[in-house]
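Below is one structure, written out as structure tokens, with a few remarks after it.
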Amino acid sequence: MNNEIPVQEGYSGEYDIIVIGAGIIGSMIARELSRFQIRGALIDKEPFPGFGVTKSGMAQIHSTDFCPPGTLKGKLCLDAPAKFKRLAGLLDVTYREVDELWLALESSQIANIEAAKERGEGHGATGYEIIGAERIRELEPHVTEKAVSALYIRGLGVIHPTEWSFALTENAAQNGIETYFNTSVLNIQKAENRQYVIQTSRGAFKTKSIVNAAGLFADEIAWMVQDHHIRLTLRKGSVAILDKSVSHLVRHMIFGTFSETHSQNVAPTAHGNLILGIHYTKTDNKGDTSVDREGIEKIMKLARELVPALSKRDIITSFAGIMAGNTMTGNGDFYIAPSEHAPDLIHVIAGAPGLTAAPGIAELVVKMLSDAGIELEEKKAFQEKRKGWPLFSAALLDKQKEMIASNPKFGHIVCRCEQVTEGEVTEAIHRGAGTLDAVKHVTRAGMGRCQGGFCGSIVLGLLSRGLGIPPQEVTKKGGRSFIAEGAMGE
Amino acid sequence: MKKDDLDLAIIGSGPSGLAAAVKARQKGIKNLVVFERDERPGGILPQCIHSGFGLEKFKEELTGPEYANRYIKMAQDLGIDIQLDSTVLELGKDRSIKVVSENKGIRTYNCKTLVLAMGCRERARGSLDIPGTRPAGIFTAGQAQRLINIEGLMPGKEAVILGSGDIGMIMARRLTLEGAQVKAVLEILPYTSGLIRNEVQCLHDFNIPLLLEHTVAEIHGEYRVEGVTVIRVDQRRNPIPGSERFISCDTLLLSVGLIPENELTKMAGLAIDLSSGGPYVDELMETRTPGLFACGNVLHVSDMVDNVSLEGELAAEGAFLRINDKGYVSGGIIDLKADSGISQVVPQRCTRERDVWLNLRVRDPMGKMKIHVGDIMKTTFASARPGEMIRVKIPKKALQELGPADTTLKLRCEEV
């Protein structure tokens, strides 16, 4: 990650395409663009990819059953699990196959799941099955006895979106896309020859075209080019994560009911915890990711209606994300469209299920750019594969031994809860994870039951060494989020 | 039959693990190894640089590192093999262990006996549902202690401490001594949850404000903590609307409870006593799996290190008996059950072979009170608090006088 590339005063060269926002959608687009002979860049205000809204969702790859008929998102979500599965192999990242059970807890709810099946199949998806109580119990013994029927969908999956954003960004960079983090867009000006100058906190970029994939901040980017019709609607979704010791209770993504204030969902995560959600509240503050006690109570109540054995005692952490819809489509659909005022600028305003649709969105955006006349010629040398690093805790014994033989630091457990080794942490730091939270998201060190209580100071030391800075300059998440307020005696 | 690689494996080199190792070697167990995941032995003691350790064990007041060093020296003198940077990844039901380390790679051992001495961890913010943002500057008390005492870094300049556990109160004093300002220690209960001596010596002596029946209602700050909203709670611990108050600070320390680290214990298929947080054991710290022992904070959180070491020694006695196939149990087993006023008891059962030390905690603070052990004995105490462990000895003689049908002793307390 070229965190420290200085952007020249004035222009740092001229780009064909700049993608604003390195969330899952922006990094998917950047990776897709890296197939072509262009000069491209990906910029993001956070210190690491996937640290906006990408970081705090349910992280599930759905089928099309949530998408209303005739919607763009229905088209873009089609075959998403297969696309993710293929990419997982290419990018060397985790994709965990998980099937879905959408429960009807009383007979009046059976109509809901039948409608979902119809919706999904209407978009062309297959693999749906309506099953009865007995089959539900066989598949998921801990589910509530009230479940009378369920929509059973096989072949879906869960991922860790920050890990994916990172891998996609790395692969894009491997193929020549320049990446700039800690880089906030301040203004966009039109220049001569149908070009733009993007003013950022780290200098200016000159480019022919722009993809606005700024997520929660896509409206603010749009307003910079006078697209004042772009409006987001915000709501906060709160979720909780449980200790791995209760993970055996749930093997499917289980859904119940949906309303303005909740999406009832209990599911495994990519790394083997359980995630419970989602409790919605209104907000107009993009930074409002706090979870209150009432929220936790609501989440637990929703979850226990589906799986009564779940307990508040097993919560290891909770968090919230702001989800953005838009006012332009009117029916909750995505808004992916060229700017009304700025040629060769495409707004990508998704919303749920944006993660699922990300590969489809990337393909669509490439097509739109090409249709707009941007020359996109495929590279012969495109490297579609990116190599991650081995996960010690997931490796089999022989592989673990091999890892330690290749680098003894793979034998030093840094994070005891998730069994993350020094070898993994050092590799992540070397490849651009420059904050405590970035290390946590790509290695899982600090993500377990003690939440970094033990490994925090060890990772702090490794960051200090790896980045060549004093420990008091190491941050949690960039900016002034210093872990320590100075050395002793200062 | 599988050959055992080790007579005794001890997991953890904190005060219980080291005491178990020293005692085991003194009793003649030669083929023993201590596995420690940290880079130094001693468990949490090296970062506890305050004094107050060893009053019972060594009859003098030592600091944490001094206390640890006594045991480390004894272990070294006895030639005990302490393997550092060695994490036990797996514990099988058959008493096999899988260990990983940087210099020796991955090894597995079959162990005739095992002592679990992994200690405990601190409750983190995630399990507390404190509303607010997620800035840097939120630490558990032990994390802050390690930063200051081991890493030489100051966690912050203005702190609020949530919870009055012992480490929290000790850190209030430590931060003050290092020039930071501790603006308040908040405790949701009407009394501190640590030892009285820590309340006096760490808070009152330094004029640190102690706000009982208070908690944090919200954390503020985007990058670094900028302050907390504190709120008063009623007798049922519900926040009282309107009593909110903002305190600006750059640091929030959490001292809100310790949780025995029983992941390996669960892996070995042992059930956990939800009141103590550890596995069920008998008076020699043997779990329900013969040959598998547990001691110290993995069993229940102790407030005195001396007691932790004592339990390690008991576990070593038990391991010695098992290794040498000496008659371990005779007569009927007696279940020890917490009854009215008592929140937890360790051990949870005993034989009739020897004197038995009970470790109890009361549910609520009490004045002068009596502890009843079934109908066979009672002991009077001047006072009791949930934060202070009560120790009661049942003499072997009293146990042997019980009839064969007496298989349960209930522990209860009453104010007198």
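In table form, for the structure just shown:
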{"item": "Residue match in segment B:284-293 (condition: under 11 Å from the mean Cα position of the chain (by Cα), crowded, with 23+ Cβ neighbours inside 10 Å and not in a loop (DSSP other than H, G, I, E, B))", "result": "no"}
{"item": "Residue match in segment A:375-389 (condition: buried (at least 17 other Cβ atoms within 10 Å of the Cβ), free of Cβ contacts under 8 Å to residues at least 60 places away in the same chain and not assigned by TED's automatic domain parsing to the domain that holds A:Gly446)", "result": "yes"}
{"item": "Residue within segment B:10-21 that is among the polar types (S, T, N, Q), touching a residue at least 12 places away in the same chain (Cβ under 8 Å), in a loop (DSSP other than H, G, I, E, B) and buried (at least 17 other Cβ atoms within 10 Å of the Cβ) present", "result": "yes"}
{"item": "Boolean, A:Glu485 is buried (at least 18 other Cβ atoms within 10 Å of the Cβ), facing chain B (nearest Cβ under 10 Å) and in contact with a Gly (Cβ under 8 Å, 6 or more places away or on another chain)", "result": "yes"}
{"item": "Residue in segment A:432-440 that is touching a residue at least 24 places away in the same chain (Cβ under 8 Å), hydroxyl-bearing (Ser, Thr, Tyr) and more than 7 Å from every other protein chain (Cβ to nearest Cβ) present", "result": "yes"}
{"item": "Criterion violated by A:Arg313 - all others in (1) over 18 Å from A:Ile254 (Cβ atoms); (2) part of a loop (DSSP other than H, G, I, E, B) satisfied", "result": "(2)"}
{"item": "Any hit, segment A:28-36, residues being of a type in the set (S, T, N, Q) and either at pLDDT 95 or above or in contact with a helix residue (DSSP H, G or I) (Cβ under 6 Å, 6 or more places away or on another chain) (or both)", "result": "yes"}
{"item": "First in segment A:459-481 and facing chain B (nearest Cβ under 10 Å) and within 14 Å of A:Asn182 (Cβ to Cβ), second anywhere and of a type in the set (Ser, Thr, Tyr) and in a loop (DSSP other than H, G, I, E, B), Cβ under 6 Å, 6 or more apart", "result": "A:Thr475/A:Thr435; A:Thr475/A:Ser481; A:Lys477/A:Thr435; A:Gly478/A:Thr435; A:Gly479/B:Tyr223; A:Arg480/B:Tyr223; A:Ser481/B:Tyr223"}
{"item": "Checking A:Gly448 against (1) assigned to a loop (DSSP other than H, G, I, E, B); (2) free of Cβ contacts under 8 Å to residues at least 40 places away in the same chain; (3) within 13 Å of chain B (Cβ to nearest Cβ), the condition it does not meet", "result": "(2)"}
{"item": "Per-region count, segment B:45-89, residues assigned to a loop (DSSP other than H, G, I, E, B) and either surrounded by 21 or more Cβ atoms within 10 Å (Cβ to Cβ) or more than 14 Å from chain A (Cβ to nearest Cβ) (or both)", "result": "13"}
{"item": "Residue that is farthest from A:Pro308 (Cα to Cα) [pool: residues in segment A:100-134 that are in contact with a Lys or Arg (Cβ under 6 Å, 6 or more places away or on another chain) and buried (at least 17 other Cβ atoms within 10 Å of the Cβ)]", "result": "A:Tyr128"}
{"item": "Test: residue in segment A:389-400 that is at pLDDT 95 or above, under 30 Å from A:Arg35 (Cβ atoms), touching a helix residue (DSSP H, G or I) at 6+ places or on another chain (Cβ under 8 Å) and more than 10 Å from every other protein chain (Cβ to nearest Cβ)", "result": "no"}
{"item": "Total residues in segment B:145-186, condition in a helix (DSSP H, G or I) and either away from chain A (no Cβ under 12 Å) or within 20 Å of B:Val301 (Cα to Cα) (or both)", "result": "11"}
{"item": "Residue list for segment B:90-119, restricted to those being surrounded by fewer than 20 Cβ atoms within 10 Å (Cβ to Cβ) and of a type in the set (A, V, I, L, M, F, W, C)", "result": "B:Ile106"}
{"item": "Elements of type strands (runs of 3 or more DSSP E) contained in segment A:138-192, each with 3 or more residues being surrounded by 24 or more Cβ atoms within 10 Å (Cβ to Cβ)", "result": "A:149-158"}
{"item": "Verdict on A:Asp398 being more than 20 Å from B:Glu263 (Cα to Cα), within 21 Å of the chain's Cα centre (by Cα) and of a type in the set (D, E, K, R)", "result": "no"}
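To keep it simple, each residue is scored yes or no on (1) in contact (Cβ under 8 Å) with a residue 60 or more places away in the chain; (2) in a helix (DSSP H, G or I); (3) in the same structural domain as A:Leu276 (by TED's automatic domain parsing).
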{"residue": "A:Ile29", "(1), (2), (3)": "yes, yes, no"}
{"residue": "A:Ile38", "(1), (2), (3)": "yes, no, no"}
{"residue": "A:Leu42", "(1), (2), (3)": "yes, no, no"}
{"residue": "A:Pro47", "(1), (2), (3)": "yes, no, no"}
{"residue": "A:Gly50", "(1), (2), (3)": "yes, no, no"}
{"residue": "A:Ser63", "(1), (2), (3)": "yes, no, no"}
{"residue": "A:Pro68", "(1), (2), (3)": "yes, no, no"}
{"residue": "A:Gly74", "(1), (2), (3)": "no, yes, no"}
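The values are calculated or read from the model by the stated rules, or taken from the named source; none is laboratory data. Values in this document were obtained by computation on a predicted structure and should not be read as measured data. All Cβ positions, glycine included, derive from the backbone under ideal geometry; neighbour counts span all protein chains shown.
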